[in-house]
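First comes the structure, then the notes that go with it.
What follows is calculated from the coordinates using simple rules that are stated; it is not laboratory data. Everything quoted here is computed from the prediction, not taken from an experiment. Here the Cβ positions follow ideal geometry from the backbone for every residue, glycine too, while neighbour counts run over all protein chains shown.
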Amino acid sequence: MRTLDLERAGTGKLTAACGSIAWHSRLSTLMIAAIATATWQVAGAANLEPRTVGQITYLCGGVGQDEQQAMRAQAGNFDRGLLFTQGSRGKYLAGVDVRLSRNGEEVASFKADGPRCFISGPDSTYQVTATYNDVQRRTTLARGQRNVHVRW
């Protein structure tokens, strides 16, 4: 090994410098990985955009702290909300199929990307049919109900 040869030649300082460079290189790699991960997480939250189906606008997410913060920042733009959980401990669910109906007619359907969905639309009470793993749950959702809990 080159490092051993340098030590034997009496250049311990150079060996320490080379070791320091290797350590800094590893540290730099770790820092780049951490920055890339943080950037990816922020980009994921930044991509949390409201979607519109007919007259219904919705925003679903809330997986991870970054999405939860992004959701809280946009909560004031919506007048209704759903929260999907499973089990006695309230494990958050994503991938729930949601269907909204008004007066017996479907007005919107979408797949929830996260456990929380904020919804806005014309003033009315909506019938919600939420399906997870082929099991349906039904509830109603009216203006001002921001935290209707749907459990499996």
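When only DSSP loop residues count, what trypsin sites (Lys or Arg not before Pro) in segment 68-129 have their Cβ near at most 15 other Cβ atoms within 10 Å? Walk me through the intermediate numbers first.
Working: sites: ARG72, ARG80, ARG89, LYS91, ARG99, ARG102, LYS111, ARG116; in loops: ARG89.
Passing sites in segment 68-129 are ARG89.
For all pairs of alpha-carbon atoms in segment 48-152, what percent lies in each bin of width 5 Å, listed from the first bin to the last filled one?
2, 13, 26, 28, 19, 9, 2, 0
What spacing in nm lies between the two simple spin-label points modelled at SER124 and SER101, each 7 Å away from Cα in the Cβ direction?
1.3
What FRET efficiency, computed as 1/(1 + (r/R0)^6) with R0 = 25 Å and r the Cβ-Cβ distance, is obtained for GLN65 and HIS149, rounded to the nearest 0.05?
0.75
What is the spin-label model distance, in nm, from LYS91 to ASN77 if the labels are put 7 Å beyond Cα along the C-beta direction?
Once both label points are built, they end up 3.2 nm from each other.
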